[in-house]
Amino acid sequence: MKSKVVDVTCKCGQVLFKYRKSGSGALIKCFTSNVLSSSIDVDNIHLLEKAHCPFCKKEIGYWNRINGKIALKLNNGTVKKIKIG
């Protein structure tokens, strides 16, 4: 499976974090273990807490546990489209 480091960017244009994306298809959830650098606090996470862009303050998603790992489940249309494949 190929992987690629991508910039996850808010619709306001600010880069939120660098993410190691694997697999093809759209980016729907971001596992904290694949976040390489971030302007979002990924160390003090509370499950089901909403995540916001630190620049424009729009809600971008919420933190959840997916398959036993903590991930940011992105709201549809809040970040610029990223697709590999």
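Every number in this text was worked out from the coordinates using simple rules, so none of it is lab data. Not measured: the values here are computed from a predicted model. All Cβ positions, glycine included, derive from the backbone under ideal geometry; neighbour counts span all protein chains shown.
Taking the stretch 2-85, which chymotrypsin sites (Phe, Trp or Tyr not before Pro) meet the DSSP loop condition and have no more than 13 other C-beta atoms within 10 Å? Write down the numbers at each step before the final one.
Numbers: sites: F17, Y19, F31, F55, Y62, W63; in loops: F55.
Passing sites in the stretch 2-85 are F55.
Which trypsin sites (Lys or Arg not before Pro) in the chain sit in a loop by DSSP (not H, G, I, E or B) and have at most 16 other Cβ atoms within 10 Å of their own Cβ? Working shown, then result.
Values: sites: K2, K4, K11, K18, R20, K21, K29, K50, K57, K58, R65, K69, K73, K80, K81, K83; in loops: K2, K11, K57, K58, K80, K81.
Here the sparse-neighbourhood loop sites are K2, K11, K57, K58, K80, K81.
Counting Lys and Arg as +1 and Asp and Glu as -1, each charge on the Cβ, what is the dipole of the chain about the Cα centre in debye, to the nearest 20?
Details: 16 positive and 5 negative charges, 84 e Å.
Result for the chain is approximately 400 debye, rounded to the nearest 20.
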* Which Cys in the chain stand alone, with every other cysteine's Cβ at 4.7 Å or more from theirs? -> C30
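Counting other beta carbons within 10 Å of each residue's own, what order do L74, L16, L48, L27 fall into, fewest first?
Values: L74 20, L16 26, L48 9, L27 17.
Fewest-to-most Cβ neighbours within 10 Å comes out as L48, L27, L74, L16.
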